Each structure stands twice: as structure tokens, then as C-alpha cells.
Amino acid sequence: AQSVAQPEDQVNVAEGNPLTVKCTYSVSGNPYLFWYVQYPNRGLQFLLKYITGDNLVKGSYGFEAEFNKSQTSFHLKKPSALVSDSALYFCAVRDMDDYKLSFGAGTTVTVRA
Amino acid sequence: DAGVIQSPRHEVTEMGQEVTLRCKPISGHDYLFWYRQTMMRGLELLIYFNNNVPIDDSGMPEDRFSAKMPNASFSTLKIQPSEPRDSAVYFCASSPGTSGGADTQYFGPGTRLTVL
């Protein structure tokens with residue numbers, strides 16, 4: 001079975017400060033990890049994914065994520081947050097060769113001006 | 001590409017009525033997924049198709065829910081009869097099917113269903 005935990009329901013940061021959204025996962029084999037963002041009344045937009053290789057993955061809108069196998073984590077980061085980054089962020093995991101994605105509960109990010 | 005298209009964007013109906021949600025996946029994508037999003041349960045996978053064939057419908061909550069994919073460019077999710085607890089946002093997503101587990105799913109804008 002595969003699962004994802006996003007331990008923080010909400011993250012609040014000031015504009016210009018670093019932003020981190022935490023995610024830990026559990027899979028039986030090697031994981032494929034994804035981050036999505038959802039703006040109000042919109043669908044989920046793909047940000048980035050980890051498949052293999054470099055543990056630091058760079059994605060859209062200046063976001064990056066670091067894969068840590070020993071800690072089974074895949075935290076999303078942005079060096080300098082913008083007010084427009086305020087949204088709901090989802091981490092997702094799937095096991096190799098499995099098309100079913102398991103999503104975390106989501107973390108609401110609020111960036112204040 | 002226009003992305004995944006869903007219709008209607010909003011649906012308000014009365015309990016007991018039949019509801020049909022529609023989805024057009026991205027052209028060339030072999031996989032199609034239906035999800036439901038609620039505050040209480042988050043994002044749940046209801047069913048997914050590969051090359052128009054249902055592969056896993058274990059997430060379909062009850063027999064009142066059914067999904068079809070008559071061709072590569074169209075899928076429907078039907079609820080009959082609808083109940084207030086079916087109120088949620090329903091998302092359709094598609095993926096190319098070329099990278100195995102590494103495939104990225106692309107989501108439509110969703111249909112917000114309200115059952116009164």
C-alpha cells in the first residue's frame with residue numbers, strides 16, 4: 001500500500017521569505033513523487049516530480065523539491081515566496097508501474113504581503 | 001492543446017435526479033481518471049481507464065455511480081439517483097501512458113456538483 005502524509009494543514013509566510021511545504025511518503029518499492037498546486041475554483045496543476053536521479057528536482061514557478069530516501073520525505077521549497085503562491089498544495093506518490101496516485105490531504109499556503 | 005475539458009463546470013440538482021458529468025481527455029492520452037474532492041475525504045480516485053477499458057473501479061462508492069468511456073476522446077461519470085452526500089467537486093485527469101509509474105496526470109478544471 002502507498003500513502004502520503006502532509007503534516008501541516010496550513011503554512012503562513014511573508015512575501016520574500018523562504019517557503020517549505022512538508023511531505024512524507026510510504027511505498028513498498030521505489031517511489032515516484034509528485035507535487036500539484038490548486039488555486040481556488042481551479043483544477044490541480046502539475047508542479048514537479050521525482051522519478052530517479054538527482055535528489056533535487058526543479059519545477060514550475062521557481063519551485064523545487066528535495067527527495068530524501070532515508071527520511072522518506074519529499075519537501076517542496078521556494079527560496080522567495082510570492083503572494084501569488086497562496087494556494088492549496090498536494091503531494092502525491094505512486095509505486096513503480098502502478099498508475100494509481102495517492103494524494104496527501106493538502107497544505108494551504110498563505111503568503112502575506 | 002486545450003487540456004482536459006470537463007462539462008458542466010457547475011451542476012445543481014435535486015436529490016433523486018440523474019447526473020451526468022463529461023470529460024474529454026488530452027488527445028493521445030491513453031489513461032483517464034475520475035476523482036472526487038471533498039473537505040472531509042480529500043481527493044479520492046473513483047475509477048480509471050486504459051485505452052477505454054475500465055481497469056480499477058474499486059473507488060466507486062456505490063452502485064449508484066457508473067462510468068463509461070465509449071471512445072478515446074470522451075468519458076462520462078453518472079450518478080443515479082443522486083443524493084446530497086454526493087455533493088463534491090469531480091475531477092477528470094488524463095495521462096499519456098508512456099512512462100509507466102512516472103506518467104504525469106493532467107487535471108481538468110472540475111465539475112462542482114451540488115445535490116439539494
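Since every read-out is calculated from the coordinates, none of them should be taken as a lab result. None of the values given here were measured: they were computed from a predicted structure. Reconstructed Cβ throughout: ideal geometry from the backbone, glycine too, with neighbour counts over all protein chains shown.
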Partner lysines whose C-alpha sits under 22 Å from that of A:Lys78, ignoring same-chain residues fewer than 8 away, are A:Lys22, A:Lys49, A:Lys58, A:Lys69
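Can you give the FRET efficiency for A:Gln10 and B:Lys68, using 1/(1 + (r/R0)^6), R0 = 30 Å, r = Cβ-Cβ distance, to the nearest 0.05?
Values: r = 39 Å, r/R0 = 1.30.
Efficiency, from the Cβ-Cβ distance: 0.15.
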Given a Förster distance of 41 Å, the FRET efficiency implied by the Cβ-Cβ spacing of A:Ala113 and B:Asn52, rounded to the nearest 0.05, works out to 0.25
Residues whose modelled amide H sits under 5 Å from the amide H of B:Asp56, counting only those 5 or more places away in sequence or on another chain, are B:Tyr48
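How would you classify chain A from its alpha-carbon gyration tensor, with a ≥ b ≥ c the square roots of the eigenvalues: rounded for a/c under 1.5, else prolate if a/b is greater than b/c, otherwise oblate? Intermediate results must be reported in sequence, preceding the final value.
Details: a/c = 1.93, a/b = 1.62, b/c = 1.19.
In terms of gyration-tensor shape, prolate.
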Inter-part gap, Cα centre of region A:1-43 to Cα centre of region B:59-107, in whole angstrom, is 23 Å
If one builds a Gaussian network model of chain B from Cα atoms under 10 Å apart, the most fluctuating residue listed among B:Ser94, B:Ser66, B:Ser75 is B:Ser66
PRE zone check, label point 7 Å out along Cα-to-Cβ of A:Gln45, amide N under 14 Å, scope region B:71-115, hits B:107-109
Whole-Å distance linking the alpha carbon centroid of region B:1-45 with that of region A:65-94 is 26 Å
For B:Ser87, the residues 5 or more places away or on another chain with a placed amide H closer than 5 Å to its own amide H are B:Val115
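Can you figure out the FRET efficiency of A:Asn30 with A:Lys77, using R₀ = 22 Å and their beta-carbon distance, to the nearest 0.05? Walk me through the intermediate numbers first.
Details: r = 22 Å, r/R0 = 1.01.
The calculated FRET efficiency here is 0.50.
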Filtering trypsin sites (Lys or Arg not before Pro) in region A:1-76 by DSSP loop and by at most 10 other Cβ atoms within 10 Å leaves A:Lys69
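Assign unit charges at the C-beta atoms only (+1 for Lys and Arg, -1 for Asp and Glu), then state the dipole size of the protein assembly as shown relative to its Cα centre in Debye, rounded to the nearest 20. Could the numbers behind the result be given before it?
Details: 20 positive and 23 negative charges, 79 e Å.
Value, rounded to 20: 380 debye.
With a ≥ b ≥ c the root eigenvalues of the C-alpha gyration tensor of the protein assembly as shown, is it rounded (a/c under 1.5), prolate (a/b larger than b/c) or oblate?
Prolate, since a/c reaches 1.5 and a/b exceeds b/c.
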